[in-house]
Amino acid sequence: QTPEHHRSNATVTRLRDVGLTSGPTDVAVAQWLELFESTEHLWDASAQLWRGGFSAPATALAIVTLQETGKLATEGLRVATARPDDPPQRRQRAQPVDPDQALLVVVHTALADGRINRHLGTVQVNEFLGVLERGELDGIRHACLHAEPGAGGPSVPRDAVTREHAAWLVALAGEVLADIQFAPGEWGRVLTKVDAFEQARKRRERRRGISL
């Protein structure tokens, strides 16, 4: 088994020990943790792409991370409210989710403790919420990956986003992903990676003489 699977199994055991889950719901929790790890890998890849100077694909993966986080949060709520003693036929089935609405709810929830506003700026956060509410996020992701014909010639994906804004979106995706993690210790573990990314970003930009 991979280290990630060992961590999932250990987390399920901890959840059971503290009374958060037992019996049949162990399977659902383990599946959710595997989905979380998959989404976390997307975030890791987006951060690595940004470090390598590939701002547009980093942005696209950060947006996918955010969108998958919205789905994860919805599924996590379903798992958390399942009754361990319910027979399989009575357990709540997953319902179709409006990804934009789910993400909007998740971001608003993550903003509650003030950390994201402090780290990423209230003005920028409000601008992002506007993008979400207007349904523009997927268009940004598309522009970062695909050339589109235009009056002046095809658009170039690398020109769709600045390096600074790409880093901001990568950081936001990490913050929101960490916020939905309910397993003991995992929230802090993910935030440690996000903090390291933010510090590396600021050091790099200082060396380049850019004031953020």
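The values are calculated or read from the model by the stated rules, or taken from the named source; none is laboratory data. Predicted model only: the values in this text are computed from it and were never measured. Positions of Cβ are generated from backbone atoms using ideal geometry, with glycine treated the same way; all protein chains shown enter the neighbour counts. Accessible surface areas use protein heavy atoms only, side chains included; no ligands, DNA or RNA. Shrake-Rupley method; radii C 1.70, N 1.55, O 1.52, S 1.80 Å.
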Qualifying residues in the stretch 33-52 (those that are out of contact with any Asp or Glu (no Cβ under 9 Å at 6 or more places or on another chain) and either without any contact (Cβ under 8 Å) to a residue 12 or more places away in the chain or among the β-branched types (V, I, T) (or both)) - the one farthest from V190 (Cα to Cα): G52
Failed item in (1) farther than 30 Å from A147 by Cα; (2) at pLDDT 80 or above; (3) not aromatic (F, W, Y), with R83 passing the rest: (2)
Residue match in the stretch 93-111 (condition: in contact with a Cys (Cβ under 6 Å, 6 or more places away or on another chain), assigned to a helix (DSSP H, G or I) and modelled with pLDDT under 95): no
Condition met for G153 (in a helix (DSSP H, G or I) and without any contact (Cβ under 8 Å) to a residue 12 or more places away in the chain): no
Pairs with Cβ under 9 Å, 6+ apart, first in the stretch 100-113 and more than 13 Å from G76 (Cβ to Cβ), second among the basic types (K, R): L103/K71
Enumeration of residues in the stretch 116-150 that are hydrophobic (A, V, I, L, M, F, W, C), assigned to a helix (DSSP H, G or I) and open to solvent by 50 Å² or more (accessible area, probe 1.4 Å): V123, I140
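Hey, does the stretch 37-47 have a residue that's of a type in the set (G, A, S), in contact with a Phe, Trp or Tyr (Cβ under 9 Å, 6 or more places away or on another chain) and either part of a helix (DSSP H, G or I) or at pLDDT below 90 (or both)?
Our first condition is that a residue be of a type in the set (G, A, S); within the stretch 37-47, this holds for 38, 45-47.
After this cut, where a residue has to be in contact with a Phe, Trp or Tyr (Cβ under 9 Å, 6 or more places away or on another chain) as well, the list is 47.
Now narrow it down to the ones that are either part of a helix (DSSP H, G or I) or at pLDDT below 90 (or both): 47.
Scanning the stretch 37-47, I find at least one residue that is of a type in the set (G, A, S), in contact with a Phe, Trp or Tyr (Cβ under 9 Å, 6 or more places away or on another chain) and either part of a helix (DSSP H, G or I) or at pLDDT below 90 (or both), so the answer is yes.
Out of the residues in the stretch 52-77 meeting the condition of being among the polar types (S, T, N, Q) and under 8 Å from the mean Cα position of the chain (by Cα), tell me which one is nearest to A200 (Cα to Cα). Spell out how you get there, then give the answer.
Pass one, the stretch 52-77, residues among the polar types (S, T, N, Q): 55, 59, 65, 67, 69, 74.
Adding the requirement that they be under 8 Å from the mean Cα position of the chain (by Cα) leaves 65, 67, 69.
Working: T65: 20, Q67: 25, T69: 24 Å.
Filtering the stretch 52-77 for residues that are among the polar types (S, T, N, Q) and under 8 Å from the mean Cα position of the chain (by Cα), the one nearest to A200 (Cα to Cα) comes out as T65.
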Among the candidates E68, E34, residue that is among the acidic types (D, E) and either open to solvent by 70 Å² or more (accessible area, probe 1.4 Å) or modelled with pLDDT of 95 or more (or both): E34
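Quick grid of which residues meet (1) within 25 Å of T39 (Cβ to Cβ); (2) modelled with pLDDT of 95 or more; (3) among the hydroxyl-bearing types (S, T, Y); (4) over 20 Å from the mean Cα position of the chain (by Cα):
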residue: L132; (1), (2), (3), (4): yes, no, no, no
residue: L169; (1), (2), (3), (4): yes, yes, no, no
residue: A173; (1), (2), (3), (4): yes, yes, no, no
residue: W187; (1), (2), (3), (4): yes, no, no, no
residue: V194; (1), (2), (3), (4): yes, no, no, no
residue: A200; (1), (2), (3), (4): yes, no, no, no
residue: R206; (1), (2), (3), (4): no, no, no, yes
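If we keep just the residues of the stretch 171-205 that are part of a loop (DSSP other than H, G, I, E, B) and of a type in the set (G, A, S), which is most open to solvent (accessible area, probe 1.4 Å)? Give the steps one after another, and end with the answer.
Kept after step one, since they are part of a loop (DSSP other than H, G, I, E, B), are these residues of the stretch 171-205: 180-185.
Imposing the further condition that a residue be of a type in the set (G, A, S) reduces the set to 183, 185.
Details: A183: 5, G185: 59 Å².
In this case the residue turns out to be G185.
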